[in-house]
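Comments concern the structure below.
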Amino acid sequence: MRINPQLLFVLFFISGIIHAQDIANTVHNLSVSGPGTIKASSESEICIFCHTPHNSSPHQPLWNRPDPGFNYTLYNSSTTQAMPGQPTGASLLCLSCHDGTIALGNVLSRSAPISMTGGITTLPSGNSNLTTDLSDDHPVSFIYNSALAVADGQLADPATLTGPVQLENQQLQCTACHDPHQNLYSDFLVVSNQYSDLCSHCHQRNYWDLSSHKLSMANWNGTEPNPWFHTNYITVAENACENCHNPHTAEGHSRLMNYISEETNCLVCHNGNVASDNLETQFSKTYRHNVYGYTGIHDPEEDHVVQVQHVECEDCHNPHASRQASVSPPNANGFIEGVKGVNTNGNPVNTIQFEYELCYRCHADSPNKPASPTVRQIVQNNVLLEFDLSNPSYHPVEGAGQNPNCPSLIPPLSEASLIYCTDCHASNGTGAPSGPHGSIYPQIMKFQYETADNTPESYQAYRLCYECHDRLTIIDGNGNFARRVHREHIIGEDVPCNICHDPHGVSPPPGSELNHTHLINFNTAVVSADPQTGRLEFVDQGNFAGSCYLRCHGENHSPESYQQGPTYMK
């Protein structure tokens, strides 16, 4: 009889699957015939290490091991809606080996423990020995019902768990993820966790489907440390959840993070070894958002207005949402999608729409926020108030500026344009990653912005301003009033832009449309009141005209008036 080779292949394939599924071919075969390094010295029975047909414990299914009898330290975090209890059901049975307290050969059906090779008694230390501290492991033995799914908002309805991931008496147990009798996938998983397939049966995170951490095909370049030390996958997309999380023996217990240091979970990839941008280099610069300076302060459930000063990567980025998506000011781009913030009225928003709403979390109503580096006539450290659209002047972050005639703007910028906070505050250097991670310039400026008095004018000294405002238009001595006055002060007197102009904005009161237009808010470390009149102010007298009352560089302006035309100063 001639055998069909295709049928023969199928038979061998099926036979291979059945053989692979056989517990005898897994490390859970602790008998002398077991394939692992941990096994009995002479015992030939396989099932006896867990089951017995007679004199079993009250636990199903015919359990052959004593209860551990311990009170375990349980998983806990501020974001969990579940209520893990002391292990029950299948989880308790698993722990009779995997907590490392009971000898592997200690079974109820034998009067003496089964001896193991090498004198091994309990499960040796390692990833499979969970110990009695379960705070670093995925929680088990909690009720998983529709009420929990609704309360959490990002869990699958348990009614959908009809496939390989299943509950035990409405509780999530170890057996929801692990099948102790077959190891078709690593770690006895019931389904592969490549692309976090197993995780996504229960966890359905908002934004996840479009996020870079789900879709990126970037891989590790081999430079230590290995970002995926507990997986066998080679791309960001394949690791998915496990880029950051470790379901067992996690170093960062709350939310099962790979590392206890929050920023390490990010920088192990965002150091140029996986992600193309090297943020680790940016955070080593002198002026930075110092993510290294705080540990254990940030919490996902903290107030929208940050109450205790700190900064972590996840204060600005939602790792389940972050992606490349370009937008126009003031809209929030994909890198900061899905984070909470504070709107223009000081009210909390759970998902920001505009970039500035993120900045307002720390730089508006937050206590202990960074103070202004410049001593101003009108002191205002709350950037929400500085950018308010009712101000006499402001840089156009929330809306178009108040000045209808600003000829120095470099096209395509116009008086109707809006800008981002990060157009000024961002990492410096050619090809630097977006955002205010780190800079060699104070206040995490993207370009140089000299503020010291008596600074000789140059393109480089005030490049931050000259990125948007045409240098020649500002310092051209043959132009209109604004150009001539700027030239006299910036070049003739070596006065920096910062001495007269407050780069954020001037809030009322006492700022008014008469004396604080054009971002005029004098640096009082350099400029003082006019001793003759006692006044310190700029009086706006219309288009390219005004008067100053002040004392600066030893000269009194009592006032000094500036007008359009050839005779522009008197």
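The values are calculated or read from the model by the stated rules, or taken from the named source; none is laboratory data. Please read these numbers as outputs of a predicted model, since none were measured by experiment. Neighbour counts run over all protein chains shown; Cβ positions are idealised from the backbone, glycine included.
Selection of first residues in segment 299-311 that are aliphatic (A, V, I, L, M) and of second residues that are outside any loop (DSSP other than H, G, I, E, B), restricted to Cβ pairs under 7 Å at least 6 apart or on distinct chains, gives the following pairs, ordered by first then second residue: V305/V342; V305/R361; V306/R361; V306/C362; V311/V291. Scanning segment 304-334 for residues that are touching a Phe, Trp or Tyr at 6+ places or on another chain (Cβ under 8 Å) and among the hydroxyl-bearing types (S, T, Y) turns up just one, S322. Does segment 193-213 contain any residue that is touching a strand residue (DSSP E or B) at 6+ places or on another chain (Cβ under 7 Å), among the hydrophobic types (A, V, I, L, M, F, W, C) and within 20 Å of Q324 (Cβ to Cβ)? No: segment 193-213 contains no residue that is touching a strand residue (DSSP E or B) at 6+ places or on another chain (Cβ under 7 Å), among the hydrophobic types (A, V, I, L, M, F, W, C) and within 20 Å of Q324 (Cβ to Cβ).
Scan segment 138-160 for residues that are surrounded by 13 or more Cβ atoms within 10 Å (Cβ to Cβ), more than 28 Å from the chain's Cα centre (by Cα) and without any contact (Cβ under 8 Å) to a residue 24 or more places away in the chain and the total you get is 1.
Against the condition in a helix (DSSP H, G or I), at pLDDT 95 or above and in contact with an Asp or Glu (Cβ under 7 Å, 6 or more places away or on another chain), how does Y292 come out, does it pass? If you could, list the steps in order and put the result at the bottom.
Values: in a helix (DSSP H, G or I): yes; at pLDDT 95 or above: yes; in contact with an Asp or Glu (Cβ under 7 Å, 6 or more places away or on another chain): yes.
In short, yes.
In the set (1) assigned to a helix (DSSP H, G or I); (2) of a type in the set (G, A, S); (3) within 44 Å of the chain's Cα centre (by Cα); (4) modelled with pLDDT of 85 or more, the condition left unmet by A24 is number (3). Within segment 351-370, the set of residues being touching an Asp or Glu at 6+ places or on another chain (Cβ under 8 Å) and under 10 Å from H304 (Cα atoms) comprises R361, C362. Residues that are buried (at least 18 other Cβ atoms within 10 Å of the Cβ), out of contact with any strand residue (DSSP E or B) (no Cβ under 7 Å at 6 or more places or on another chain) and not aliphatic (A, V, I, L, M) were ranked within segment 95-132; the one that is farthest from N76 (Cα to Cα) is N106. Residues considered: S200, S216, S135, S212. Of these, the only one that is under 23 Å from E251 (Cβ atoms), crowded, with 16+ Cβ neighbours inside 10 Å and modelled with pLDDT of 95 or more is S135.
Taking I444, is it over 18 Å from H504 (Cα atoms), touching a residue at least 60 places away in the same chain (Cβ under 8 Å) and either surrounded by fewer than 15 Cβ atoms within 10 Å (Cβ to Cβ) or out of contact with any Ser or Thr (no Cβ under 6 Å at 6 or more places or on another chain) (or both)? No; evaluated as a whole, the condition is false for this residue. If the condition is being free of Cβ contacts under 8 Å to residues at least 24 places away in the same chain and either surrounded by 14 or more Cβ atoms within 10 Å (Cβ to Cβ) or among the aromatic types (F, W, Y) (or both), then segment 361-380 contributes H363, S372.
In segment 408-464, the residue that is nearest to H270 (Cα to Cα) out of those that are polar (S, T, N, Q) and outside any loop (DSSP other than H, G, I, E, B) is S439. One residue stands out among those in segment 264-302 that are of a type in the set (G, A, S) and touching a strand residue (DSSP E or B) at 6+ places or on another chain (Cβ under 9 Å): the one that is surrounded by the most Cβ atoms within 10 Å (Cβ to Cβ), which is G272.
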